[in-house]
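Here's the structure we're looking at; comments come further down.
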Amino acid sequence: MIDWTRLTKDPVDHEVRKKVIQYLLSIRRTIPGNNYTNYLIETVKEKRVLDIGICEHVIERIHSDQWKHKIIVDNAEYSLGVDIIPELIEGLNNEGYNVCECDATSDIFLGEIFDVVHIGDVIEHVSSPILLLEFALRHLKDDGKIIVRTPNAYCFNYVHLNKKIGTDMSNLEHLFYILPIHALEIARRTNSNLSAYYVQNKRGFLHGLLSLAKGNFRHAFAEIFAKPEQYSTIYCYEFTK
């Protein structure tokens, strides 16, 4: 992984920033089939998995077919879920899930280590992404992987909505967005490695024509002309030790 501090003391050094961007582009991947669920299944299959932030705020999402923790439970060899919402954790325990109440930005050690730590749509909520990643690293095997999914603030749809209503209309609990360059700095500060980051596949020309035929000019433009980062609504970062 590139460490800009070994190249310069100036964080806005133009030449060094170009090298950082080149590195980020070299580790960019696309989510196979534009399907995060399938990517998650393949990542956790027959692994020991720690899942951070499992409750997704309300009980309705827990009972959704898209609930990420259930996907992990169904495919992992072993899983432990953690969150800070006591009533939802208690309910999940009563349903037989292996979960516990825990602040994943604390210095707690749960007494177990894992092949995969999944942090799905959590990092943008916490006061300290650094402490969150340090918690994950504390519970990760030496050859393990941390998966961090988070919204992409510069997605074409989000930018369009921002312009339309005059401000961001994100989750009211979001503190910030983590772009690839921020993920790289988080890795540097936690002595970890940003080994790859994923975006959703650009739909392409044929999908663009279909959107155009349906009268959706905004989506047609995005699907035909937008770059991967501009089209993808999410980033998925992979950190290793």
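Since every read-out is calculated from the coordinates, none of them should be taken as a lab result. Remember, it's a predicted structure, so these values are computed and weren't measured experimentally. Here Cβ is always computed from backbone atoms with ideal geometry, including for glycine, and neighbour counts include all displayed protein chains.
To the nearest µm²/s, what D does Stokes-Einstein give for segment 98-141 at 20 °C and 1.002 mPa s, using the Kirkwood radius over alpha carbon pairs as Rh?
Details: Rh = 10.9 Å.
Rounded to a whole number, D works out at 196 µm²/s.
If you take every residue apart from Arg6 with its C-beta less than 15 Å away from the C-beta of Arg6, what net charge results, scoring Lys and Arg +1 and Asp and Glu -1? If you can, show how the numbers build up before the last one.
Working: positive: Lys9, Arg17, Lys19, Arg188, Arg189; negative: Asp3, Asp10, Asp13, Glu15, Glu185.
That works out to 0.
Rounded to the nearest 5, what is the percent of antiparallel bridges among the DSSP beta bridges in the chain?
35
What residue among Pro86, Pro11, Pro32 shows peak mean-square fluctuation when the chain is described by a Gaussian network model with Cα springs under 10 Å?
Taking springs between Cα atoms under 10 Å, the residue moving most is Pro11.
How long is the gain from Val159 to Leu212 if the chain were fully straight, where each residue apart is worth 0.36 nm and the alpha carbon distance is subtracted?
Between Val159 and Leu212, full extension yields an extra 17.1 nm.
Show me, for segment 115-123, the HN-Hα J-couplings you get by feeding each phi into the Karplus relation (A = 6.51, B = -1.76, C = 1.60, θ = phi - 60°), rounded to Hz, glycine and proline as x.
Result, ordered by residue: 6, 9, 10, 9, 10, x, 6, 10, 4 Hz.
Where does the Debye-calculated log10 I(q)/I(0) of the chain sit at q = 0.11 Å⁻¹, using only Cα point scatterers of equal weight, no solvent?
Those come out to -0.63, one per q.
Set the bar at 26 Å for Cα to Cα. Now go through Lys68/Lys163; Lys19/Lys241; Lys70/Lys214 and name every pair that lies beyond it.
Lys68/Lys163; Lys70/Lys214
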